[in-house]
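Worksheet: the structure to be examined is printed underneath.
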Amino acid sequence: MWAQEIVAGRPAWRHIPSGVIFRAVPGGTFQMGLSDAELDAVRAIERADGADDDLEAFFVGAVQARPVREVLVEPFLIARHPLTVAQARHWLPEYEDSFTESNSSTARFEDDLDDLLGTLPFRLPSEAEWEYAARAGTSTLTFRGDGRPDEDQVLDDFADEERTAAAENAFGLAAMGSANEICADVWIPYFTDAPVDARPRTGDGPRVVRGGAGDLSPWQGCDEWLLLLSATRYEFHNFTAVRPVAPVPTT
């Protein structure tokens with residue numbers, strides 16, 4: 001079922017039937033949510049004329065990713081990047097994607113999302129696991145620091161191994177924030193009373209989505225870079241990418 005390999009100079013687990021590459025994320029604790037320091041970093045970008053528009057709506061909505069709290073995360077496997085069109089067809093042979101013509105590009109799911117989740121032998125990440133994986137030990141706006149992300153940081157096609165490897169964070173994960181990626185949690189604005197471990201918050205209603213800057217590419221000057229931030233979260237509406245998660249193999 002699993003094979004251990006070295007991919008881009010890092011240990012990896014390959015799911016043999018599908019070929020999907022996973023990275024092992026170590027357990028640990030982190031500060032989850034949009035911190036005061038991160039809000040200050042966004043204000044600094046705005047003061048330096050780095051924003052395309054007035055960011056008042058962002059600051060008003062920032063409360064949905066607060067309060068910041070310490071979260072304990074157990075080790076887990078997570079896909080190196082979102083499922084591609086070719087990978088999706090391993091489980092959904094009839095899958096078609098009108099968004100892209102490349103089999104190596106991120107697959108987006110709409111009405112077929114439940115079909116995929118019903119056959120996928122993996123689970124969705126909790127949003128705590130997703131943010132922990134995106135931060136990869138950092139506490140800045142993105143794993144690259146507190147600067148404004150550029151559109152060239154968006155990664156949607158994984159045919160170019162050199163570019164994919166260059167885009168990885170410290171956990172060996174690429175394209176965190178590029179596509180909107182659905183999480184296991186039901187959408188609940190705010191982190192009030194959220195668990196102190198990485199369990200998803202379950203219930204009825206739409207799920208949480210993280211990322212999405214690449215879904216608006218080419219950027220139209222509407223501060224799409226905010227979707228690349230590690231703490232950005234919102235409610236699922238139309239289509240989504242999937243980055244599956246699995247337990248760390250014991251053998």
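Here region 62-144 exposes an accessible surface that is 45 percent carbon and sulfur, computed with a 1.4 Å probe and the other protein chains kept in place. With the biggest extent put first, the Cα atoms of the chain measure 50, 39, 38 Å across the principal axes. Remark: region 225-234, residue by residue, has Karplus-estimated 3J(HN,Hα) of 4, 4, 6, 7, 5, 4, 9, 5, 9, 7 Hz, where x stands for each Gly or Pro and the curve is 6.51 cos²θ - 1.76 cosθ + 1.60 at θ = phi - 60°.
Assuming 0.36 nm per residue, please report the length gained on full extension of the stretch Leu216 to Arg199 beyond their Cα-Cα distance. Present the calculation step by step, with values, prior to reporting the outcome.
Numbers: separation 17, 0.36 × 17 = 6.12 nm, distance 3.01 nm.
Full-extension gain reported as 3.1 nm.
Provide the FRET efficiency to the nearest 0.05 for the Ala86-Ala48 pair, computing r from the beta carbons and using R0 = 30 Å. Walk me through the numbers before you get to the answer.
Working: r = 41 Å, r/R0 = 1.38.
Efficiency, from the Cβ-Cβ distance: 0.15.
Rg of the Cα atoms in region 117-223, relative to 2.2 N^0.38 Å, amounts to 1.15.
Taken per residue, the accessible surface of region 69-210 reaches 44 Å², heavy atoms only and a 1.4 Å probe. Counted by Cβ distance under 13 Å from Asn180, the other residues give a net charge of -2, where Lys and Arg count +1 and Asp and Glu count -1. Note on Ala159 and Arg69: the extension gain reaches 28.6 nm, defined as 0.36 nm multiplied by sequence separation minus the Cα-Cα distance.
The loop-placed trypsin sites (Lys or Arg not before Pro) in region 87-147, going by DSSP, that have at most 15 neighbouring Cβ atoms within 10 Å of their Cβ come out as Arg144. With respect to the chain, whose longest principal axis is taken over its alpha-carbon atoms, helix 36-47 is tilted by about 70°. Summary of the geometry: region 79-117 and region 1-69, compared by the centres of their Cα atoms, lie 22 Å apart.
Ignoring ligands, DNA and RNA, what percent of the 1.4 Å accessible area of region 167-251 is carbon and sulfur?
55
Convex hull volume of the Cα atoms of region 55-111, normalised per residue: 183 Å³.
The values are calculated or read from the model by the stated rules, or taken from the named source; none is laboratory data. Since the model is a prediction, treat every value here as computed from it, not as a measurement. Because the Cβ atoms are built from the backbone with ideal geometry, glycine has one as well, and the counts that use them run over all protein chains shown. Side chains included, ligands, DNA and RNA excluded: accessible areas come from the protein's heavy atoms. Shrake-Rupley method; radii C 1.70, N 1.55, O 1.52, S 1.80 Å.
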